[in-house]
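Chemist: What follows is a single structure, and I will ask about it in a moment.
The values are calculated or read from the model by the stated rules, or taken from the named source; none is laboratory data. It should be emphasised that the depicted structure is a prediction, and the values quoted were computed from it without experimental measurement. Positions of Cβ are backbone-derived with ideal geometry, glycine not excepted, and every protein chain shown enters the neighbour counts. Ligands, DNA and RNA are excluded from the accessible area calculation, which covers all protein heavy atoms including side chains. Shrake-Rupley method; radii C 1.70, N 1.55, O 1.52, S 1.80 Å.
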Number of protein chains: 2
Amino acid sequence: MIIDVHGHYTTAPAALGAWRDLQIAGLNDPSKAPAASDLKISDDELRESIETNQLAKMRERGSDLTVFSPRASFMAHHVGDFEVSSTWAAICNELCYRVSQLFPDHFVSAAMLPQSPGVDPKTCIPELVRCVEQYGNVGINLNPDPSGGHWTSPPLSDRHWYPIYEKMVEYDIPAMVHVSTSCNACFHTTGAHYLNADTTAFMQCLTSDLFKDFPTLKFLIPHGGGAVPYHWGRFRGLAQELKKPLLEDHLLHNIFFDTCVYHQPGIDLLTKVIPVDNILFASEMIGAVRGIDPQTGHYYDDTKRYIEASTQLSAAQKQQIYEGNARRVFPRLDAALKQKEK
Amino acid sequence: MIIDVHGHYTTAPAALGAWRDLQIAGLNDPSKAPAASDLKISDDELRESIETNQLAKMRERGSDLTVFSPRASFMAHHVGDFEVSSTWAAICNELCYRVSQLFPDHFVSAAMLPQSPGVDPKTCIPELVRCVEQYGNVGINLNPDPSGGHWTSPPLSDRHWYPIYEKMVEYDIPAMVHVSTSCNACFHTTGAHYLNADTTAFMQCLTSDLFKDFPTLKFLIPHGGGAVPYHWGRFRGLAQELKKPLLEDHLLHNIFFDTCVYHQPGIDLLTKVIPVDNILFASEMIGAVRGIDPQTGHYYDDTKRYIEASTQLSAAQKQQIYEGNARRVFPRLDAALKQKEK
């Protein structure tokens, strides 16, 4: 089985964006604010938005199951206050859950959290609980910068975040560390902010002893780990200067990288430098880079092709990246699959 | 000849740091503020600080000449106001100039600018002029985030920066785009902020048409380009989505990457993905990563070893990375060398 651990609902029916626009308009003019119940999207609309997009591409490319969460750039935790984020997260998570119910063999849902800048992360717990217990979510997306590019929250190693970690450990769910839209003009959202956040999160863990406090906490760092594998020597050297253990011991029981790297040399570096145990297949399809690479004639984000073409991975290692590691890092996904005798 | 285009004066005599501490103390208590003339460092002290450090390592490793600028993390443009930065930059630039005079065959100087958050960059021009005309500087370091991790300045593509670009073009000097210490707790200085800034600067150029306005402007992006080469497919794809020309045409007449990547797989990726014309040898020795890699038994930042060990570069291409490209990107360096019949 081929599991893609990084998919977002980027193709939700237009009614979702229209509802969000009204919610944002309501921040200045409360008479415009919609009720959650004003949003009506039928199962047929959901089906069509998936069948003609993600599911069509999964079939073309040959992946089986996607861990599916709300659109990352739409989380926009910097918009409004906690109530605004809370209503928005509930709506987006419900839609992903409905997709997972409509296509139970192909989508399993993961939650966005109702984060809001300056608000205690423990306020996210009720939504997290609801998503795990009622929706069967197998993971969460955690935004290390709910300000949207101003980086006003403490580092991920700070006790500020511990309430979320405690719940993650209790449920044995990983967090994909994923920022949202940048509202800082310096940072292009998908070309700078996403990659910077990946690098930043890794370094926040490296300088800390977070995983001594939470030995079973698991972070998935998307986009191939930002700059980290390319600069693996730098990070090994910095850990050494800081008198930390070897990265394998210090971080790699807890940190995993996905394969959202959109060219062969990048995937080859990732799989050469990072232990196979720590690499999970993902494409972030349909996401930031939707075109066809003129150098190959294939979609940039068809990352399965790069894994397939790897000359350094054995068939068993490829299967680990495609399935085995995902089942280990997402134990609730593994349990759900086993229940279906998969 | 082997030219290292990225060296900082990280080993300046302790009197420099002590003077800076007093300058900072003077921000709150003007009675403590030192005069520039209070700093006394003899030629012998400068000589020793270089001979036992950078020059010793250059001899060991076999590089000949270093483009030498003030310590990046000490620029700290966020400290104080323009006057504070101005005095500090003048002192640091003078020391690098003196080093270049003491070791004319081994060091050529590049300038830090007296940037200050919120201050018009044109205020940096007098120091830039002084460094080029009186000190023979061959390049500058440009900090895209003088706030130190809060990213409050406009992107490098903004007209805000044009006064500096006009002077760079007039003098035909490149800028290394290099941030300084992070005072944002989210960003480790050398493990996150530096690499993020590299990626950010590249993407600021990608989304803009800056090089249409300045066809001969040249940026050197240090630390191997941050995350850029590893994600070259992503950047090619994003340029395509944004209807920009191919990166070779859009950016690679103006943007260059150094080789400060501290392991063999990283250098192999860099040299595979980025055209050889756009890669300049550098080590940032003595810099962020000073240890010996237990996997190789050699210094992480002995980047010449990785170039030497490359199986994909021809001898001519290695020479281009070591010397030819540096002479092309730093025309004033080339002219100075030719004057010495080198």
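Chemist: Under 27 Å Cα-Cα from B:Lys40, which lysines qualify once same-chain neighbours fewer than 8 residues away are excluded?
Modeler: The qualifying lysines are B:Lys32, B:Lys57.
Chemist: What trypsin sites (Lys or Arg not before Pro) in segment A:235-309 are in a loop by DSSP, with at most 10 other Cβ atoms within 10 Å of the Cβ?
Modeler: A:Lys243
Chemist: Which value, in Å³ per residue, describes the convex hull spanned by the Cα atoms of segment B:1-158?
Modeler: 120 Å³
Chemist: Round to a whole angstrom and tell me the spacing of the C-alpha centers of segment B:30-85 and segment A:162-234.
Modeler: Centre-to-centre (Cα) distance: 35 Å.
Chemist: I would also like to ask the following. Tell me, what is the FRET efficiency for B:Gln134 and B:Glu241 to the nearest 0.05, using R0 = 45 angstrom and their Cβ-Cβ distance as r?
Modeler: Numbers: r = 47 Å, r/R0 = 1.04.
Approximately 0.45, to the nearest 0.05.
Chemist: Also, I was wondering about something else. Working out 0.36 nm times the residue gap between B:Glu51 and B:Asp81, then minus their Cα-Cα distance, what length gain in nm do you get to one decimal?
Modeler: 7.4 nm
Chemist: Points 7 angstrom from Cα along the Cβ direction at A:Met1 and B:Asp43: gap in nanometres?
Modeler: According to this spin-label approximation, the distance is 7.6 nm.
Chemist: Which three extents, in whole angstrom, do the alpha-carbon atoms of segment A:183-342 cover along their principal axes, largest first?
Modeler: Principal-axis extents of the Cα atoms in segment A:183-342, largest first: 47, 46, 34 Å.
Chemist: Please list, or write none, the aspartates and glutamates whose alpha carbon is within less than 16 Å of the alpha carbon of A:Lys243, excluding same-chain residues fewer than 8 places away.
Modeler: Result set, ordered by chain and number: A:Asp209, B:Asp293.
Chemist: Per residue, how much accessible area does the protein assembly as shown have with a 1.4 Å probe, in Å²? Don't skip to the end; give the middle numbers.
Modeler: On the way: 23990 Å² over 684 residues.
Heavy-atom accessible area per residue stands at 35 Å².
Chemist: Still on this structure: Under 12 Å between alpha carbons, and skipping anything fewer than 8 positions from B:Lys212 in its own chain: which aspartates and glutamates qualify?
Modeler: B:Asp249
Chemist: While we're looking at this one, here's another question. Hey, any idea what % of the protein assembly as shown's accessible area is carbon plus sulfur with a 1.4 Å probe?
Modeler: 51 percent
Chemist: So which residue, out of B:Gln295, B:Gln23, B:Gln204, gets the largest mean-square fluctuation from a GNM of chain B using Cα contacts under 10 Å as springs?
Modeler: B:Gln295
Chemist: Let me ask something else. How many nm is it between the label spots at A:Lys32 and B:Glu248, if each spot is 7 Å from the Cα in line with the beta carbon?
Modeler: About 4.8 nm, to one decimal.
Chemist: While we're here: Give me the net charge for the shell around B:Phe214: Cβ to Cβ below 12 angstrom, other residues only, Lys and Arg +1, Asp and Glu -1.
Modeler: Net of charged neighbours comes to -1.
Chemist: Just to confirm a number: summing +1 for Lys and Arg and -1 for Asp and Glu over residues other than A:Gly149 whose beta-carbon lies under 15 angstrom from that of A:Gly149, what do you get?
Modeler: Its environment carries a net charge of -3.
Chemist: B plus A alone minus the pair: what accessible area, both sides summed, probe 1.4 Å, in Å² to 100?
Modeler: Counting both chains, the buried surface is close to 4600 Å².
Chemist: While we're here: By DSSP, what percent of the beta bridges with both residues in the protein assembly as shown are antiparallel, rounded to the nearest 5? Let's see the in-between values first.
Modeler: Working: 4 of 44 bridges.
Counting DSSP beta bridges with both partners in the protein assembly as shown, the antiparallel share is about 10 percent.
Chemist: Also, I was wondering about something else. Given A:Lys304/B:Lys318; A:Lys218/A:Lys338; B:Lys244/B:Lys318, which pairs have Cα atoms separated by over 23 Å?
Modeler: Among A:Lys304/B:Lys318; A:Lys218/A:Lys338; B:Lys244/B:Lys318, the Cα-Cα distance tops 23 Å for A:Lys304/B:Lys318; B:Lys244/B:Lys318.
Chemist: Just how many % of Cα pairs in chain B lie over 27 Å apart, if you round to the nearest whole percent?
Modeler: The proportion of pairs with Cα distances above 27 Å equals 42 percent.
Chemist: Count the net charge of all other residues whose Cβ sits under 10 Å from the Cβ of A:Leu65, scoring Lys and Arg as +1 and Asp and Glu as -1.
Modeler: After counting each charged neighbour, the total is -3.
Chemist: Another question, then. Shortest first and in nm with one decimal, please list how far the B:Glu170 label point sits from its counterparts in the other copies (point 7 Å along Cα→Cβ).
Modeler: The answer, with the shortest distance listed first, is 6.6 nm.
Chemist: I've got another one for you. From the residues A:Leu313, B:Gly191, B:Pro294, which one has its Cα farthest along the dipole of the protein assembly as shown in the positive direction, the dipole being from +1 and -1 charges on Cβ of Lys/Arg and Asp/Glu about the Cα centre?
Modeler: Sorting the options by dipole projection puts first A:Leu313.
Chemist: Select from segment A:169-207 all residues whose loss of accessible area on going from the chain by itself to the full protein assembly reaches 40 Å² or more (probe 1.4 Å).
Modeler: A:Cys186, A:Phe187, A:His188, A:Gly191, A:Leu195, A:Asn196, A:Thr200, A:Met203
Chemist: Treating the beta-carbon of each Lys and Arg as +1 and of each Asp and Glu as -1, no other charges, what is the dipole magnitude of segment B:1-70 about its Cα centre, to the nearest 20 debye?
Modeler: 140 debye
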